[in-house]
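Down below is the structure, laid out as structure tokens.
The values are calculated or read from the model by the stated rules, or taken from the named source; none is laboratory data. Keep in mind that this is a model prediction, so the values were computed, not measured. Please note: Cβ atoms are built from the backbone with ideal geometry, for glycine as well, and neighbour counts cover all protein chains shown.
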There are 2 protein chains.
Amino acid sequence: MRSEIHPSGQGDRSFVENARRAQIIDCAIDAIAELGYANASLAEIARRAGISKGVISYHFAGKRELIGEIIGAILKKATAVMLPRMKAERSAAGMLRAYIETNLDFLGANPNCIHAIMKIGAATRDEADQPKTDYELAFQPAVRDLEKLLRFGQQQGEFRDFSTRVMAATIRSAIDGVAFQLEANSKLDLKAYANELVILFDLATRKAAK
Amino acid sequence: MRSEIHPSGQGDRSFVENARRAQIIDCAIDAIAELGYANASLAEIARRAGISKGVISYHFAGKRELIGEIIGAILKKATAVMLPRMKAERSAAGMLRAYIETNLDFLGANPNCIHAIMKIGAATRDEADQPKTDYELAFQPAVRDLEKLLRFGQQQGEFRDFSTRVMAATIRSAIDGVAFQLEANSKLDLKAYANELVILFDLATRKAAK
DNA sequence: TAAGAATTTGGTCGTGCGGTCAGAAATTCA
DNA sequence: TGAATTTCTGACCGCACGACCAAATTCTTA
């Protein structure tokens, strides 16, 4: 057991260890999505996995590491969906559209992941705030990339002159807001919602016609 | 002690009771803002107020009721700031601008209230979700009002044809996002941020020039 | 001022948490 | 096969929480 040495890389883990870690992560996601972060105790996660509580402590240094791995797993999954479709676009406006659409696609396709990550974000954001949480650390790069995309559009002359910081934050908030609404109403029409957002932010970003 | 009968109204409470409740609510806001919801125990709140733990149980039916009262108090405060300035506007676009500006003004002027309500929202959103939380119940009317404002603008012919639902949700998310950023960086220039948002949503809502 | 009501105290209670551990079981490998 | 290693079990620890309560104290009011 040396998970403290490899907090994130899968390094030289045994087959059993990898399988167990994956299983525990999956069960943890479901437990958090259904019961909330506070109620998803190690005991509950172990119960769902059909294993003893100690196994989790054996494979993970603590609850923090488990949560960190969950975030990493979900982020990896989302990136895999989004990147290809964004790279296929040529214009900045097209990339922004792809960003919004693939994001909402992912929300619709992975409800449990979204529920889980929303609850994790909520719970960790609540704590005494001093240090950056894993959650923020994981998501800040995503916002940076979005800002880079916006700056690119401005340089290309496609976008008007706005604060890329504010625009990026607003777009991210809008998408996170969709995830939030999805928790209350799972019947939300994401295709239509995505269209509305695409138009909204197209109008907000594009250069006025001369 | 009949706080269960008057869960929210101030009814026929004694002078002492009102004073104590207000004091406890204030201390609770500070405690939650500084330590997070989870760490703001009744013991900690009592310590800050310089009273015994039991006093809180005496004046409030439980932690839930205390939290509910906190939300109500903050919401009341925010409404008092926003309503007058919105009513002073005639056009829908002007009202939207006032909505955004007064909202951000309030964020800047009441950091502790904002911290507290963010943490409460995070913590209660995290729980097993079945019933609507006080937090959601309190905020939904606010979004409704915003939607009403947007519909008004469409009827006036000021605004283009968009889903008021999506637009209202996006505006709210954008503002909530500011509160979130404010936690990480209290030096944020809110005046400039408000200007950016006003322009952004003006472009997003207004009817294209013919 | 004296009786009664309102308020406060300080302590206890049960609960559930994350984490630990000795030893059992399973697996690996020589 | 048999020893060494990895993996797992189930009981257990200390801790902090919200809730609760009987007794002490302060305020009201007749």
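Scanning the range A:181-200 for residues that are within 8 Å of chain B (Cβ to nearest Cβ) and under 20 Å from the mean Cα position of the chain (by Cα) yields A:Gln181, A:Glu183, A:Ala184, A:Tyr193, A:Leu197.
A single member of B:Ala122, B:Ala93 is away from DNA strand D (no atom under 16 Å from the Cβ) and in contact with a Gly (Cβ under 9 Å, 6 or more places away or on another chain), and it is B:Ala93. Scan the range B:160-180 for residues that are among the aliphatic types (A, V, I, L, M) and more than 8 Å from every other protein chain (Cβ to nearest Cβ) and jot them down. Within the range B:160-180, B:Ala168, B:Ile171, B:Ile175, B:Ala179 meet the criteria. All conditions but one from (1) within 14 Å of another protein chain (Cβ to nearest Cβ); (2) within 16 Å of DNA strand C (Cβ to nearest atom) apply to B:Lys119; the one that does not is (2). Each residue in the range A:119-128 was checked for being within 15 Å of A:Gln181 (Cα to Cα) and either at pLDDT below 90 or surrounded by fewer than 21 Cβ atoms within 10 Å (Cβ to Cβ) (or both), and 1 of them qualify.
The set of residues in the range B:58-110 that are charged (D, E, K, R) and touching a residue at least 40 places away in the same chain (Cβ under 8 Å) comprises B:Arg64, B:Glu65, B:Glu69, B:Arg97, B:Glu101, B:Asp105. Applying the set (1) away from every other protein chain (no Cβ under 14 Å); (2) touching an Asp or Glu at 6+ places or on another chain (Cβ under 9 Å); (3) aromatic (Phe, Trp, Tyr) to B:Tyr37 leaves exactly one unmet item: (1). Here B:Lys207 passes the criteria (1) free of Cβ contacts under 8 Å to residues at least 12 places away in the same chain; (2) more than 9 Å from every other protein chain (Cβ to nearest Cβ); (3) touching a strand residue (DSSP E or B) at 6+ places or on another chain (Cβ under 9 Å) except the one numbered (1). Please go through the range A:40-76 and give me each residue that is part of a loop (DSSP other than H, G, I, E, B), within 14 Å of another protein chain (Cβ to nearest Cβ) and more than 6 Å from DNA strand C (Cβ to nearest atom), ordered by number. Matches in the range A:40-76: A:Ala40 only.
Among the residues making up the range B:155-180, those that are in contact (Cβ under 8 Å) with a residue 60 or more places away in the chain and over 16 Å from the mean Cα position of the chain (by Cα) are B:Gln156, B:Glu158, B:Phe159.
In the range A:1-43, the qualifying residues are those that are within 13 Å of DNA strand D (Cβ to nearest atom) and among the aliphatic types (A, V, I, L, M), and the one that is modelled with the lowest pLDDT is A:Met1. For the criterion of being within 16 Å of DNA strand C (Cβ to nearest atom), more than 13 Å from the chain's Cα centre (by Cα) and surrounded by fewer than 19 Cβ atoms within 10 Å (Cβ to Cβ), B:Arg144 fails.
Has the range B:180-194 got at least one residue that is of a type in the set (Asp, Glu) and under 22 Å from A:Ala192 (Cβ atoms)? Walk me through how you get there before you give the answer.
So the first thing to find is which residues in the range B:180-194 are of a type in the set (Asp, Glu), and the list is B:183, B:189.
Filter once more, keeping what is under 22 Å from A:Ala192 (Cβ atoms): none.
Within the range B:180-194, not a single residue is of a type in the set (Asp, Glu) and under 22 Å from A:Ala192 (Cβ atoms).
Okay, residues lined up against (1) part of a loop (DSSP other than H, G, I, E, B); (2) among the β-branched types (Val, Ile, Thr); (3) out of contact with any Lys or Arg (no Cβ under 6 Å at 6 or more places or on another chain):
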| site | (1), (2), (3) |
| --- | --- |
| A:Pro141 | no, no, yes |
| A:Asp145 | no, no, yes |
| A:Leu149 | no, no, yes |
| A:Asp161 | yes, no, yes |
| A:Val166 | no, yes, yes |
| A:Ile171 | no, yes, yes |
| A:Val178 | no, yes, yes |
| A:Asp202 | no, no, yes |
| A:Ala208 | yes, no, yes |
